[in-house]
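This report concerns only the one structure given below.
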Amino acid sequence: MTDHTAISFLPYAKQAITSEDIQAMEAVFRGEIITRGPQVAEFEAAVASYVGASYAVAFNSGSTALRAAAFAAETKGGDRWITTPNSFVATAVAGAAAGAVPVFVDIDGETGNLNLEQLQYNLEQKPSRGRNIVVPVHYAGIPVNMKTIDASIRDTDTILIEDGAAALGSTYDGERRVGCCEWSHMTVFSFHPAKLLTTGEGGLVTTNDPHLDYRLRLYRNNGIVREPDRLSENPGPWYYEVVEMTGNYNVTDFQAALGLSQLSRIHNTIRERQQVIAWYRKYLEGVAHVKLLPALKDSRVSPHLAVVLIDFEEYRKERSLVMTQLRDNGIGSQVHYIPIYRHPAFQQVSGILSDYFPASEHFYARTLSLPLYNGLKEEEVKRVCQTLSAVLEGKLL
Ligand SMILES: Cc1ncc(COP(=O)(O)O)c(C=O)c1O
């Protein structure tokens, strides 16, 4: 085991907070408003402009943003919430919590994203009732081909919601960014600290549809309307009406100030992370049975995770032992993701589904996320790759 006093621990993910970020938050604390206020509106406008959408609505988490999107789309019992098993559970829970039936489609082993042929097959099955709500996830920041999905939808009732939680800055074609909603109704982002931009906790939905924007805002603020033309009566300046029962999912002005400050350097954030991926490519080259997720090499990707696929069987090593030995040698790692249908909450409803998803199962058996964050140095990436190789070969305990 390596002497921990000599080296720093490299977590699999970490936020990067600068003194400018802290100054931006401090300015809010020194002012009058710390709840949702002008900074939130400014942050929304800045994200909408960055991704190329007309509207953006900020929430207290990406999970809430997904639920808000389900609400805005008027998701209900009988709808089919069609998504990937290779995601954080919130992607599927948002639909299930609104009463829809989660329907999983297997993945493409090269990208970790939805298998679009299987999705097409699924969309050709006319539902006996309800609508199809399709929720592709841009896994690890790798953009799904939304043009292809959009083209395969013939039914005008079908709703498309992109889970771009981890894909801020990724582009579909080198130009249009995830979130522009050119081929979808809404796109959801997360600003959890493991993502490219953080507000501590936080999330956001973009759309080009004013009605969806209105419903997203309703969801965020207890279903309250104040606009005179939306009220059934207007007895005075105190008056508002609750037209939907939702909750309070606001984000604060100091979080938005942090988000705005982080957004101002997003270009460098993405470039630095792409450089880290290039170092992984260089130092993993000679390591047998380990490959960086090929799709991560694509320059259109804002890398969220440094996913490697490892053939643990070839090394006759359990992944859990590899993770423990990496940790004992100062390296954090994580698995993204446990296929959603494997979680007990989903098994209780649908039973054991693993046999129906061979590509997801194969991917899950091999995936491991290695350290990726802004500020990670080339020497550290080299150390990760050398340590991983030594652990796999049984040269390090
Ligand atoms: C793909 C995906 N969707 C949704 C979420 C939920 O975001 P949050 O953690 O901000 O609630 C995450 C975050 O882990 C995610 O990775």
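Could you identify the single residue in Tyr55, Tyr121 that is open to solvent by 10 Å² or more (accessible area, probe 1.4 Å), assigned by TED's automatic domain parsing to the domain that holds Leu196 and at pLDDT below 95? Steps first, please.
On the way: Tyr55 fails: at pLDDT below 95.
The conditions single out Tyr121.
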Task: Complete set of residues in the stretch 164-181 that are within 7 Å of Arg300 (Cβ to Cβ) and under 15 Å from the mean Cα position of the chain (by Cα) - done: Ser170, Thr171
Open item on the list: Among the residues in the stretch 100-113, are any more than 18 Å from Pro143 (Cβ to Cβ), buried (at least 21 other Cβ atoms within 10 Å of the Cβ) and within 14 Å of the chain's Cα centre (by Cα)?
Closed with: no
Task: Selection count where residues are away from the ligand (no atom under 16 Å from the Cβ) and farther than 15 Å from Cys181 by Cβ, scope the stretch 42-74 - done: 4
Open item on the list: For the condition within 16 Å of the ligand (Cβ to nearest atom), farther than 19 Å from Ile149 by Cβ and of a type in the set (Val, Ile, Thr), what is the one hit in Thr206, Thr199?
Closed with: Thr199
Open item on the list: Tell me the residue from Asn208, Asn222 that is open to solvent by 50 Å² or more (accessible area, probe 1.4 Å) and either out of contact with any Cys (no Cβ under 6 Å at 6 or more places or on another chain) or charged (D, E, K, R) (or both), please.
Closed with: Asn222
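For every residue, the table says whether it meets (1) within 13 Å of the ligand (Cβ to nearest atom); (2) of a type outside the set (Asp, Glu); (3) open to solvent by 40 Å² or more (accessible area, probe 1.4 Å).
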position: Gln125; (1), (2), (3): no, yes, yes
position: Gly130; (1), (2), (3): no, yes, yes
position: Tyr139; (1), (2), (3): yes, yes, no
position: Ile159; (1), (2), (3): no, yes, no
position: Glu162; (1), (2), (3): yes, no, no
position: Ser190; (1), (2), (3): yes, yes, no
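Could you tell me which of the residues Ser350, Ser299, Ser354, Ser320 is more than 16 Å from the ligand (Cβ to nearest atom) and open to solvent by less than 50 Å² (accessible area, probe 1.4 Å)?
On the way: Ser350 fails: open to solvent by less than 50 Å² (accessible area, probe 1.4 Å); Ser299 fails: open to solvent by less than 50 Å² (accessible area, probe 1.4 Å); Ser320 fails: open to solvent by less than 50 Å² (accessible area, probe 1.4 Å).
None of the others qualify; the one that does is Ser354.
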Task: Options Glu227, Glu182; residue that is open to solvent by 60 Å² or more (accessible area, probe 1.4 Å), modelled with pLDDT of 95 or more and either within 16 Å of the ligand (Cβ to nearest atom) or farther than 16 Å from Ser54 by Cβ (or both) - done: Glu227
TODO: Report whether or not Arg36 is open to solvent by 80 Å² or more (accessible area, probe 1.4 Å), over 27 Å from Ala306 (Cβ atoms), at pLDDT 95 or above and touching a Phe, Trp or Tyr at 6+ places or on another chain (Cβ under 8 Å).
DONE: no
Task: Pairs with Cβ under 6 Å, 6+ apart, first in the stretch 172-193 and over 21 Å from His267 (Cβ atoms), second assigned to a strand (DSSP E or B) and away from the ligand (no atom under 13 Å from the Cβ) - done: Cys181/Thr206; Cys181/Thr207; Ser184/Leu160; His185/Ile159; His185/Leu160; Met186/Thr207
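For the stretch 209-224, what are the residues that are more than 16 Å from the ligand (Cβ to nearest atom) and within 18 Å of Arg36 (Cβ to Cβ)?
Going residue by residue through the stretch 209-224, those that are more than 16 Å from the ligand (Cβ to nearest atom) are 209-215, 217-218, 221-224.
Within the stretch 209-224, Asp213, Tyr214, Arg215, Arg217, Leu218, Asn221, Asn222, Gly223, Ile224 meet the criteria.
The values are calculated or read from the model by the stated rules, or taken from the named source; none is laboratory data. Treat the numbers as computed from the prediction; the structure is a model and nothing was measured. In this analysis, Cβ positions are derived from the backbone assuming ideal geometry, glycine residues included, and neighbour counts consider all displayed protein chains. Protein only, heavy atoms only, side chains kept; ligands, DNA and RNA dropped before computing areas. Shrake-Rupley method; radii C 1.70, N 1.55, O 1.52, S 1.80 Å.
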